[in-house]
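Since the structure comes first, as structure tokens, the remarks are kept for the end.
The values are calculated or read from the model by the stated rules, or taken from the named source; none is laboratory data. Small disclaimer: the values here were computed from a predicted structure and weren't measured. Backbone-built Cβ (ideal geometry, glycine too); neighbour counts: all protein chains shown.
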Amino acid sequence: MLDENEEFLEDELTGNEISADDENSGLYEHLKIKVDKNQEPLRIDKFLLIHRQNSSRNKISQTCRAGNVVVNGNPVKQNYKVKPGDEISVLLAHPPRENVIIPQDIPVNIVYEDEDLVVVDKDAGMVVHPGFGNWDGTLVNALAFHFAKDPNYNSDLDRVGLVHRIDKDTSGLLVIAKNEYALSHLAKQFFDRKTKRLYWAFVWGNVQDDEGTIVGHIGRHPKNRMQMYTYVDGSHGKHAVTHYKVLERFRYMTWVECKLETGRTHQIRAHMKHIGHTLFNDERYEGHVILRGINLPKYKQFVQNVFEILPRHALHAHTLGFIHPVTKKEMYFESPMPKDMQEASERWRKYLDNN
């Protein structure tokens, strides 16, 4: 079953330049338009409504306000009049396109909220938004309920304003927009890779260097469509860069911090496997079997016990930083290590002390 960040089908949106190799595929639409030589002067908001008939005037207006409409390299306001030969670039943010979002009273850990956005610390096991195989019980369903019960909530969005995603079994921080302007502004920050995000991961093996950088295109695996694969020669996929730093060594497992220079689907999972350090208990990437250690019954039983404590891939979105769309202040959040990863690390420390 695919989770919410594992949609390998082609996007249906015309002009969308973001492929399924990107972690937020389907959340943004990047349009590039070359104005016809016979075009008469026309306000750009009206011009874009003609080219994107499923957009509203408000959406186009807020997209311009957020600086997401660029003509000949410069952001323009909604009253700019297009001219023949203009080169227009537009970044439109839009929520997932499911038909019905059912508000559901599901507990969700909200760490910050104001009238423009909400920051959530997602538990592992929760799908972010409805999709094939997960039509309800998602974070979006929970937030739809949360917003609906707030008498002061008055949004111009027709859906919950999802800006980015993390995998179902990845825990950690997400920011969600509460209005069209915030959605457009935050979408641009993620698209331009200006947000600050660090991930914590447990990986198999003793990572040799204290820190390093992994460079390699990421695309769909040539044989296993459920995995992404690192193509060092650049023959497939998209350019991807992951910086990592060792935080603690457990002899047969390592705790690393990862900083993404790019944002590809399963980037950390594919890159770490490429260098021989698959995420601990990552079933999709064969990390749910004993990959490093010793061939003794006691050790095998110990690892199986840790698998039970941490029954998912060991990946956590630890930090999230961005510029607030309205106040323009820098916002920064940290999520502590979740209980299952904390208990697993304590078990490893105890094992090393006794062996």
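Summary table below
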quantity	calculated
ASN206 being in the same structural domain as PHE307 (by the TED database) and outside any strand (DSSP E or B)	yes
Check on PHE322, in a strand (DSSP E or B), in contact (Cβ under 8 Å) with a residue 60 or more places away in the chain and surrounded by fewer than 21 Cβ atoms within 10 Å (Cβ to Cβ)	no
Filter pass, TYR229 being farther than 28 Å from LYS328 by Cα and not aliphatic (A, V, I, L, M)	yes
Options VAL241, VAL203, VAL232: the member that is out of contact with any Cys (no Cβ under 8 Å at 6 or more places or on another chain) and within 18 Å of HIS313 (Cα to Cα)	VAL203
Matching residues in region 63-90 - criterion: being under 13 Å from LEU31 (Cα atoms) and part of a loop (DSSP other than H, G, I, E, B)	ASN68
Criterion (basic (Lys, Arg), at negative phi and more than 30 Å from the chain's Cα centre (by Cα)) met by exactly one of LYS350, LYS339	LYS350
